[in-house]
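Only one structure is covered here, and it is reproduced in the block below.
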Amino acid sequence: MNSIVDNLSSINERIANAAERSRRTPDSIKLVAVTKGRSVPEIQAVLAAGATDIGENRVQEARQKYTPVNAFIDASGAASSDKTYRWHLVGHLQRNKVKTALEMFSLIHSVDSLRLLAEIARRSEERSQQTDVLIQVNTTREESKYGLAADDLLQFIEDAQAYPAARIVGLMTMGQLTPSPDANRPAFALLRSLAEKIEIQKFPRVTMQYLSMGMTNDFEVAVQEGANLVRIGRAIFEFSKE
């Protein structure tokens, strides 16, 4: 799995170049290694190569990996270093999986309904905690995608004030599957614009700390448009089984 090291190095270099083109510092952008369908040894290899943030799409799959991966972190001594390791839920979350999700994930990227937000808040209160969430916005207007319509976002944020245990810390979106990364630039620019509008409103307990956008095919464009969380899977693991 030596190619994982090479792939991560290449991705980080591309992130740094994209950041510099947009007059940002590379260390302001966090890479979330998406490990859907990947084995525990592959995840361990990614962590050993320097990754600190793990992204999973499904709660049940993450549950199978969570304990052995965390045991690897503890055994390697990484947990006692200056690094902070986090699990991210980047896929759609069903309300009946919220309780289990809160046992593992530090950040939920995919809140797309008030009912889901309310359930996260309720379960968080049971655990005497606040849970950081991102609101998913369908900036491409594709019917096949989850997410709020851009026009509904401000009202959603207002309604979310009733659920303070689910702490909104940013927005997430997905671009189109297209051979041209630049085709997603308008969608990413829209998310940044929405975040700016929310910041102007100064909603209590709401921050726009994170913009989660950009995947293997388009993360450089996303960084140029303001992403500070990029969700990358395939580009990390390509050719990792030699």
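Of note:
- Strands (runs of 3 or more DSSP E) enclosed by the stretch 59-168 - at least 3 residues per element that are touching a Lys or Arg at 6+ places or on another chain (Cβ under 8 Å) and within 22 Å of VAL34 (Cβ to Cβ): 131-136
- Criterion (β-branched (Val, Ile, Thr), under 13 Å from ILE236 (Cα atoms) and at pLDDT 95 or above) met by exactly one of VAL59, VAL32, VAL40: VAL32
- Criterion violated by HIS88 - all others in (1) under 17 Å from the mean Cα position of the chain (by Cα); (2) without any contact (Cβ under 8 Å) to a residue 40 or more places away in the chain satisfied: (2)
- Residue in the stretch 192-206 that is in contact with an Asp or Glu (Cβ under 6 Å, 6 or more places away or on another chain) and either assigned to a loop (DSSP other than H, G, I, E, B) or closer than 14 Å to ASN138 by Cα (or both) present: yes
- Index of the failed condition, LYS36 passing every other in (1) among the charged types (D, E, K, R); (2) in a helix (DSSP H, G or I); (3) touching a strand residue (DSSP E or B) at 6+ places or on another chain (Cβ under 7 Å): (2)
- Of note, ILE54 satisfies the criterion of being part of a strand (DSSP E or B) and modelled with pLDDT of 95 or more.
- Residue in the stretch 79-89 that is exposed (fewer than 15 other Cβ atoms within 10 Å of the Cβ) and among the β-branched types (Val, Ile, Thr) present: yes
- Between ALA49, ALA62, the distinction of being surrounded by 15 or more Cβ atoms within 10 Å (Cβ to Cβ) and either more than 30 Å from VAL5 (Cβ to Cβ) or in contact with a helix residue (DSSP H, G or I) (Cβ under 7 Å, 6 or more places away or on another chain) (or both) belongs to ALA49 only.
The values are calculated or read from the model by the stated rules, or taken from the named source; none is laboratory data. From a predicted model like this one, the values you see are computed outputs, not experimental measurements. Ideal geometry is used to build each Cβ from the backbone, glycine not excepted, and the neighbour counts take in all protein chains shown.
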